[in-house]
Amino acid sequence: MIDPVIERPRLTRYARGGGCACKIPPGELEQLVAQVSNRVGPAVDPVAPLLVGLDGGGDDAAVVELDEQRALVTTADFFSPVVDDPYDWGRIAAANALSDVYAMGGRPLTAVNLLGWPRESLPMELAAEVLAGGASVAHSAGCHVAGGHSVDDAEPKYGMSVVGLVDPHRMLRADAAKPGLPLTLTKPLGIGVLNTMHKATGVVFAEAVDTMATLNRDASAAAVATGVRAATDVTGFGLLGHLHKLARASEVTAVIDRSAVPFLDDARAAAEDGHVSGGSRRNLEWVTPHVDFGGTGELDRLLLADAQTSGGLLVVGELPGYPIIGETTGFSGHSIIIR
Ligand SMILES: Nc1ncnc2c1ncn2[C@@H]1O[C@H](COP(=O)(O)OP(=O)(O)OP(=O)(O)O)[C@@H](O)[C@H]1O
Ligand SMILES: [Mg+2]
């Protein structure tokens, strides 16, 4: 488990899955959440009205109204290592946790760390690097990191719980897409296959690391400024999984132009070499009944369903400087049509 060149433990070797690819598969998660909702009703005499909760398959974060202009956004995200470098893993995990606030059109205020650490097999100095990476990204977003919770764990896990603010009238919801609008994707896909290859071979993909550590802040602010109403972030369920959830919740069909979808360099080659995670295969299985794939081949299907970690925003509307990958139409029998 020691990297022969830098003589440091390879963090990805300490976990079975990695990043958002280790999420519980979408179908199983929905069943789990539904079982609880069926047994336990809503909050009794709530202190504040819930604007966004678990209805319609849930959204990126929960939102409660504070007053006419302000609502509170809460979200939590943590996962096992996606890269071997502890500082980079921290940066990526923080950018990913903050992303759900940006996906609602909000701004993060405070975060607390969520840390699981195998103290007997990995030095605490590495945990400090992970936390420092996380704090550096959160601080660059103007978000305080002011606490956390840490447990001894069989596998390393890291993430954050984040609280943000949003204007309830300008919030970006997954169930607010309308027909006849362009679909924009703000980060290239391929992160999952490159992470899977990194875990298997140790090769570092700097472009993928930079992409994952980049905040979705600017894209979110641009979407809110241009009056966009619907968006989500593309993470563990892949472009197709998150697009299906958004289209289903909004009762529209998303028509995707396959050739317009951006990918990181090397992503296709990594997929051709078989570096496709089990999570990505489960994503594809889950969405397949809802997708008209046209002539799309198996490899392209897998790449479009590839589990992303800290992926970009999928925005229903046009954002200057970011690629348009398709459009919405009225619901026509499938959530997604690929051309
Ligand atoms: N254990 C849980 N209990 C209740 N709700 C859950 C649980 N796990 C997930 N959810 C909810 O299920 C929905 C889908 O979860 P998912 O993790 O895909 O959303 P997400 O936070 O946007 O993902 P990501 O962080 O990868 O962008 C969300 O509304 C989420 O809050
Ligand atoms: Mg999300």
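The values are calculated or read from the model by the stated rules, or taken from the named source; none is laboratory data. What you are looking at is a predicted structure, and each value in this text was computed from that prediction instead of being measured. Methodologically, a virtual Cβ is constructed for each residue, glycine included, from the backbone with ideal geometry; neighbour enumeration extends over all protein chains shown.
A few points about this structure:
- Only one of the listed residues (ASP77, ASP84, ASP60, ASP67) is farther than 23 Å from GLY159 by Cα and outside any helix (DSSP H, G or I). That residue is ASP67.
- Qualifying positions in region 62-78 - touching a residue at least 24 places away in the same chain (Cβ under 8 Å), aliphatic (A, V, I, L, M) and within 9 Å of ligand 1 (Cβ to nearest atom): ALA76
- The residues of region 298-331 that are among the small types (Gly, Ala, Ser), in a strand (DSSP E or B) and in contact with a strand residue (DSSP E or B) (Cβ under 6 Å, 6 or more places away or on another chain) amount to a single one, GLY326.
- All conditions but one from (1) surrounded by fewer than 24 Cβ atoms within 10 Å (Cβ to Cβ); (2) more than 12 Å from ligand 1 (Cβ to nearest atom) apply to ALA111; the one that does not is (1).
- For beta carbons closer than 7 Å, sequence separation of 6+ or different chains, a first residue in region 221-233 that is over 15 Å from GLY164 (Cβ atoms) and a second that is surrounded by fewer than 21 Cβ atoms within 10 Å (Cβ to Cβ) and of a type in the set (A, V, I, L, M), the qualifying pairs are ARG229/ALA176; ALA230/ALA176.
- Tally, over region 20-31, of residues that are within 7 Å of ligand 1 (Cβ to nearest atom) and without any contact (Cβ under 8 Å) to a residue 60 or more places away in the chain: 1
- All positions within region 218-247 that are among the charged types (D, E, K, R) and within 15 Å of ligand 2 (Cβ to nearest atom): ASP233, LYS245
- Check on THR232, among the polar types (S, T, N, Q) and closer than 29 Å to VAL83 by Cα: yes
- Selection status of LEU319, out of contact with any Phe, Trp or Tyr (no Cβ under 8 Å at 6 or more places or on another chain) and surrounded by 15 or more Cβ atoms within 10 Å (Cβ to Cβ): yes
- Test: residue in region 90-105 that is among the β-branched types (Val, Ile, Thr), assigned to a helix (DSSP H, G or I) and within 16 Å of ligand 1 (Cβ to nearest atom): yes
- Checking region 252-259 against the condition returns a match, with at least one residue being in a strand (DSSP E or B), crowded, with 20+ Cβ neighbours inside 10 Å and among the polar types (S, T, N, Q).
- Here is the figure for region 32-57: residues that are more than 9 Å from ligand 1 (Cβ to nearest atom), in a strand (DSSP E or B) and in contact (Cβ under 8 Å) with a residue 40 or more places away in the chain total 1.
- Qualifying residue in region 154-162 (condition: among the charged types (D, E, K, R), without any contact (Cβ under 8 Å) to a residue 24 or more places away in the chain and within 30 Å of ASP273 (Cβ to Cβ)): no
- Filtered residue count, region 285-297, keeping only those that are farther than 30 Å from TRP89 by Cβ and either assigned to a helix (DSSP H, G or I) or of a type in the set (D, E, K, R) (or both): 4
- Filter result for ALA15 (within 16 Å of ligand 2 (Cβ to nearest atom) and either over 16 Å from GLY236 (Cα atoms) or of a type in the set (Asp, Glu) (or both)): no
- Top-ranked residue of region 59-107 - restricted to ones that are touching a Leu at 6+ places or on another chain (Cβ under 7 Å) and acidic (Asp, Glu), ranked as surrounded by the most Cβ atoms within 10 Å (Cβ to Cβ): ASP84
- Test: residue in region 63-75 that is among the charged types (D, E, K, R), in contact with a Pro (Cβ under 7 Å, 6 or more places away or on another chain) and not assigned by TED's automatic domain parsing to the domain that holds GLY317: yes
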